[in-house]
Amino acid sequence: MIRALAIAAAVATFAAPAFAQDETQPPMDRPSATHPGELEVDPYAQSNANAGATPFEGTAMYEAFHGEAGVTRIAEGFVDRVLADPRLIPAFAAVDEPRFRRTIREQFCYILGGPCAYTGRDMASSHKDVGGQATDFAAIVENLQAAMSAEGVAFPAQNRFLAKLAPMRRDTVVR
C-alpha cells in the first residue's frame, strides 16, 4: 500500500520542461519548431490550484519538514538525485533545470502548508508530452524518499506527504 502511494506520489515530482518563468507573465519558453534557434512563448494562468494538491492545514507538516530551509534542501536533494538517476535521464534531458528546481521547491512548500505560492503549470499540461510510465514514477519516489530521509523527516510525515501527492498520478501517467 505504501509503495503504491509512493509510486502515485511521484506524479507531483515528474517534471516536464513547462514551468513558469516569472510571476507577472508566466510563459513557457521552448525551442521553436518552425524557427530554429528561436524560442516560442506559451503563457498560462498562474494559480496555486496548479500545484496539483491542496495544502495541509496549519504549519505542522511544514515544520515537520524543517521549514523553509528543510523544504529547500529536500527539493534540491530531490532534483539532484532525479537529474543524476540513469533511469530518469532520458525523461529529464530537456528539462529547464532552474525552473524545475524553483517550481519543485514552490510546490513542496505550498502543499506542506508553507508561505509559498506555486508559479508552475498544472500537472496535466506540464506532463502531457512527457510519456511518464509507472517505472519512472517508482524511480522518482525513491529519489524523493531519499531526499526526505536525508533531511531527517520522520517516516509518518513522509507518508502523509506522499499520500497528498498520490492523486496527481492520473494527470501524469500515460495510460
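Taking the stretch 98-133, which residues are under 19 Å from ALA69 (Cα atoms), in a helix (DSSP H, G or I) and hydrophobic (A, V, I, L, M, F, W, C)?
Listed by number, the residues that qualify are PHE100, ILE104, PHE108, CYS109, ILE111.
State which residue is surrounded by the fewest Cβ atoms within 10 Å (Cβ to Cβ) when the search covers only the stretch 126-171 and only residues that are polar (S, T, N, Q) and touching a strand residue (DSSP E or B) at 6+ places or on another chain (Cβ under 9 Å).
GLN133
For the stretch 70-84, which positions are within 14 Å of GLN145 (Cα to Cα) and either of a type in the set (D, E, K, R) or out of contact with any Phe, Trp or Tyr (no Cβ under 9 Å at 6 or more places or on another chain) (or both)?
Those that are within 14 Å of GLN145 (Cα to Cα) and either of a type in the set (D, E, K, R) or out of contact with any Phe, Trp or Tyr (no Cβ under 9 Å at 6 or more places or on another chain) (or both): ARG73, GLU76, GLY77, ASP80, ARG81.
Can you pull out every residue in the stretch 118-142 that is closer than 21 Å to PHE56 by Cα and either touching a Leu at 6+ places or on another chain (Cβ under 8 Å) or at pLDDT 95 or above (or both)?
VAL141
Looking only at the stretch 70-88, filter to residues that are among the aliphatic types (A, V, I, L, M) and closer than 16 Å to ALA117 by Cα; which one of those is nearest to the chain's Cα centre (by Cα)?
Here is the first cut: in the stretch 70-88, the ones among the aliphatic types (A, V, I, L, M) are 71, 74-75, 79, 82-84, 88.
Filter once more, keeping what is closer than 16 Å to ALA117 by Cα: 71, 75.
Values: VAL71: 12, ALA75: 9 Å.
For the stretch 70-88, the residue satisfying everything is ALA75.
The values are calculated or read from the model by the stated rules, or taken from the named source; none is laboratory data. Since we're looking at a predicted model, the values are computed, not measured. A quick note on method: Cβ atoms are made from the backbone with ideal geometry, for glycine too, and the neighbour counts reach across all protein chains shown.
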